[in-house]
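Just so you know, all these numbers are worked out from the coordinates, no wet-lab data involved. These numbers were taken from a predicted model, which means no experiment stands behind them. Methodologically, a virtual Cβ is constructed for each residue, glycine included, from the backbone with ideal geometry; neighbour enumeration extends over all protein chains shown.
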Amino acid sequence: MTSVTTTWGCAVQGMGTADPAAALLASAAAGRLSSLVGATSPLRPILEEAGRRYRGPLRIEVGGRPGVGRDTMARAVRERLSPMHAFIADPARPEDTDIWLYVLPGPPRAADRDAIAALPADRRIVVLGRADTHGEWAVAQEVAAEAAHRLGLPVLPVSALLACAEVTADEMATLGCWARSGLVMPSMVGQFLAVPTESAEYRTRVAMLRHLDQYGIDLALTLLADADPDDPVPLDAPTLTRVLRRASGIGALAAPITACEPAARYWRGVELRGALEDAAAADVDRDRAESLLSGSR
Ligand SMILES: Nc1nc2c(ncn2[C@@H]2O[C@H](COP(=O)(O)OP(=O)(O)OP(=O)(O)O)[C@@H](O)[C@H]2O)c(=O)[nH]1
Ligand SMILES: [Mg+2]
């Protein structure tokens, strides 16, 4: 798992200095928010909840047109990039998002452009999803570069499928068998599936395609064919899993996520102050809520 280097949860820096409630945010970051009010204050549960939200993992909303691989991308971010919370867009809860990750299926269409333009510029990341389906990774990079040129934004190629790869011992045995028999992944999937459709071999090939698709199978067979049998580190299922995940491009998202973090932190502060303002408006320990908002302790 790639750890995204964030300073999330540390003392507020930069954006907080001109903020009258900087002390409030520093307390939230340190997990001491509820200690700012008395044990019996009705503000306490509100501060506890607001503090949990402020300190919680970054919330990444995965968007894109239907079918582009949003669920798989969200799973890849959750499983490979620690400690992120990724989910699919829910129009009912737009405030739940810290960072937007938009998945392009290929060159951007008008609908993609409009959707991307509507996202906050300082907290959006655009990826070319299903990057493995372009055959060669270099081709995916070219398509991503062309999309980046058209959008005027960076676009990173990512294969969420490979990021989620988990090669089982059975699959490894099958791949080893195929490699020893000289099987190579043809460029047309139809040729790979040109075995009797009622056979176990057909079902195995379909399942392998579902898990690793053409690119993943091709990479695995190439690595197995090139593997040195005397290598002290054997190419086993865990090793192949790691290689596939590394090849997915998911790790390249760590830097842009980290770059979005200060803006995400700022908006979480806005959300936190909003919770206190709501409490004050509802007359929940109003004096204390207002003194916390004004920065006096
Ligand atoms: N080869 C390949 N296939 C992928 C990748 N990501 C997703 N898929 C496949 O694309 C199909 C759709 O993926 P989902 O993640 O369900 O996409 P979605 O956008 O959530 O789809 P809907 O909810 O139906 O709109 C599934 O069969 C996935 O296995 C990828 O990176 N590479
Ligand atoms: Mg889905």
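At 7 Å along Cα-to-Cβ for each site, give me the label-to-label distance between R32 and R203 in nm.
6.2 nm
FRET efficiency for R242 and R65, Cβ-Cβ distance as r, R0 = 41 Å, nearest 0.05?
Numbers: r = 31 Å, r/R0 = 0.76.
With R0 = 41 Å, the Cβ-Cβ based efficiency is 0.85.
Are there any GluC sites (Glu not before Pro) in the range 50-134 that are in a DSSP loop and have at most 14 other Cβ atoms within 10 Å? List them by number. Walk me through the numbers on the way to the answer.
Numbers: sites: E61, E79, E95; in loops: none.
Qualifying residues, ordered by number: none.
Can you give the angle from 0 to 90° between the axis of helix 169-180 and the longest principal axis of the chain, with both taken from C-alpha atoms, to the nearest 10?
Tilt of helix 169-180: around 40 degrees.
What do you get for the angle between helix 43-55 and the principal long axis of the chain? Use alpha-carbon atoms, 0 to 90 degrees, nearest ten.
Once rounded, the angle reads 30 degrees.
If you fit an axis through the alpha-carbon atoms of helix 70-80 and take the longest principal axis of the Cα set of the chain, what angle between them do you get, 0 to 90°, nearest 10?
80 degrees
Multiply the residue separation of A111 and S82 by 0.36 nm, subtract the distance between their alpha-carbon atoms, and state the gained length in nm to one decimal.
Details: separation 29, 0.36 × 29 = 10.44 nm, distance 3.08 nm.
Difference between extended and current length: 7.4 nm.
Quick check: residue separation of S294 and S181 times 0.36 nm, minus the Cα distance between them. What number comes out in nm?
On the way: separation 113, 0.36 × 113 = 40.68 nm, distance 7.35 nm.
That pair, S294 and S181, stretches by 33.3 nm at full extension.
Using Cβ counts within 10 Å as a stand-in for footprinting exposure, how do V233, V127 rank, fewest first? Could you put the intermediate results ahead of the total?
Working: V233 8, V127 29.
Placing the least packed residue first, the sequence is V233, V127.
Place a point 7 Å from Cα of W137 in the direction of its Cβ. Which residues in the range 241-261 have their backbone N less than 12 Å from it?
243-252
When only C-alpha pairs under 8 Å and at least 6 residues apart count, what is the relative contact order of the range 169-230, in percent?
Numbers: 35 pairs, mean separation 28.2, N = 62.
So the answer I get is 45 percent.
For Cα pairs less than 8 Å apart in space and 6+ apart in sequence, what is the mean separation divided by the residue count of the chain, i.e. the relative contact order in percent? Numbers along the way, then the final one.
Numbers: 419 pairs, mean separation 68.3, N = 297.
Over the chain, the number comes to 23 percent.
7 Å from Cα along Cα→Cβ at both A92 and D278: what's the point-to-point distance in nm?
Inter-label distance under the simple model: 1.6 nm.
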